[in-house]
Amino acid sequence: YKETAWRGSILFFAMSGLSQISEMYEYSLNSFMSVFMNALSTSRKDNILQNRLRNIKDKLTMLVYDFTCMGIFEKHKLMFSFQMVTMIMDGAEELNRPELDFFLKGNTSLDAVERKKPGPWISDNGWKDIQKLDTLGPEWTGFIDNLLKNKDTFKEWYDLEAPEQTEIPCGYTEKLSKFQILLLMRVLRPDRVINAIKNFIIDKMNDYYVKSPPINYEKIYASSNNKTPIVFILSPGADPFSDVQ
């Protein structure tokens, strides 16, 4: 059962890392353990051990996501999903660290770009990032040459309303993983990165983790006791009185 504990530790640190965004996002180990024990007791039983372990991990991941989203703002929920998925991949040794660093930071080199960009539709920062992208691995080798040789085709793809949903020129849809497509969107169409992140999360997990879980007041009440108060932080215009009543 060590792999379920491993998943639990990954999810706890993904959740506790939210405190770097806001001091309000503080989660205790005790509160997390209540979610963890709930996952153990409510996950589907199975006589085959591997099935049982998978059921526990799936249930635990879902409950932690629900529990965390209950206490964070809407704008931070997708970011938490992304953090959770990348940390799970890292724990399974499936995450390419240099690619993640590039996605978060871009090209940090101070060197000037010598090659001329193929057109004004690529931003200066995007063109600088592409120089670094071309060095990240075998899938990216020759990307700049392909872009320059097929600039009209790439421009047509660039002009699409939702390029992340269509075939990428030069066969890059087949060459790249959903995570690597994030890097491509970052340098060419940064306005579509959020949609590409959702596609990536759905591919690695499922669409549950790109949706905002509905607030269930009965579950919130059931998870409390005389030592765990419930605190409501209301925004202007919100009126949950009837639900609470």
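For the chain, the per residue solvent-accessible surface stands at 61 Å², with DNA, RNA and ligands left out and a 1.4 Å probe.
Give me log10 I(q)/I(0) at q = 0.12, 0.14, 0.22, 0.24 Å⁻¹ for the range 167-235, Debye formula, one equal scatterer per alpha-carbon, no solvent. Taken in order of the listed q values, log10 I(q)/I(0) reads -0.54, -0.62, -0.95, -1.06.
Could you name the lysines whose alpha carbon sits less than 19 Å from that of LYS155, not counting residues in the same chain fewer than 8 places away? Excluding near neighbours in sequence, the set is LYS116, LYS117, LYS128. Here is the list for the range 151-238: trypsin sites (Lys or Arg not before Pro) lying in DSSP coil, each with at most 15 other C-beta atoms within 10 angstrom of its C-beta, are LYS211, LYS227.
Heavy-atom accessible area for MET79, with the other protein chains in place and a 1.4 Å probe, reaches approximately 90 Å². For the chain, the longest principal axis of the Cα atoms and the long axis of helix 193-204 meet at an angle of about 60 degrees.
With a Cα-only, solvent-free Debye model of the range 1-120, what are the log10 I(q)/I(0) values at q = 0.18 Å⁻¹? The calculated log intensity ratios at q = 0.18 Å⁻¹ are -0.98. Kindly identify the range 84-243 as rounded, prolate or oblate by the Cα gyration tensor criterion: order the square roots of the eigenvalues as a ≥ b ≥ c, call it rounded if a/c is under 1.5, otherwise compare a/b with b/c, prolate if a/b is larger, else oblate. Cα axes put the range 84-243 in the prolate bin. Could you check how much of the accessible area of the chain is carbon and sulfur, as a whole percent, using a 1.4 Å probe? Answer for the chain: carbon and sulfur cover 52 percent of the accessible area.
Ordered from highest to lowest accessible area with the whole protein assembly present and a 1.4 Å probe, GLU164, GLU3, GLU156, GLU114 read as GLU114, GLU156, GLU3, GLU164. Taking every C-alpha pair closer than 8 Å and separated by at least 6 residues, the mean separation divided by the residue count of the chain gives a relative contact order of 17 percent. If R0 equals 22 Å, the separation of the Cβ atoms of GLU93 and GLU139 corresponds to a calculated FRET efficiency of about 0.75. Multiplying the residue separation of GLU3 and LEU104 by 0.36 nm and subtracting their alpha-carbon distance yields 33.5 nm.
The values are calculated or read from the model by the stated rules, or taken from the named source; none is laboratory data. All of these numbers come straight from a predicted model, not from anything done at the bench. Virtual Cβ from ideal backbone geometry, glycine too; neighbours counted across all protein chains shown. Protein only, heavy atoms only, side chains kept; ligands, DNA and RNA dropped before computing areas. Shrake-Rupley method; radii C 1.70, N 1.55, O 1.52, S 1.80 Å.
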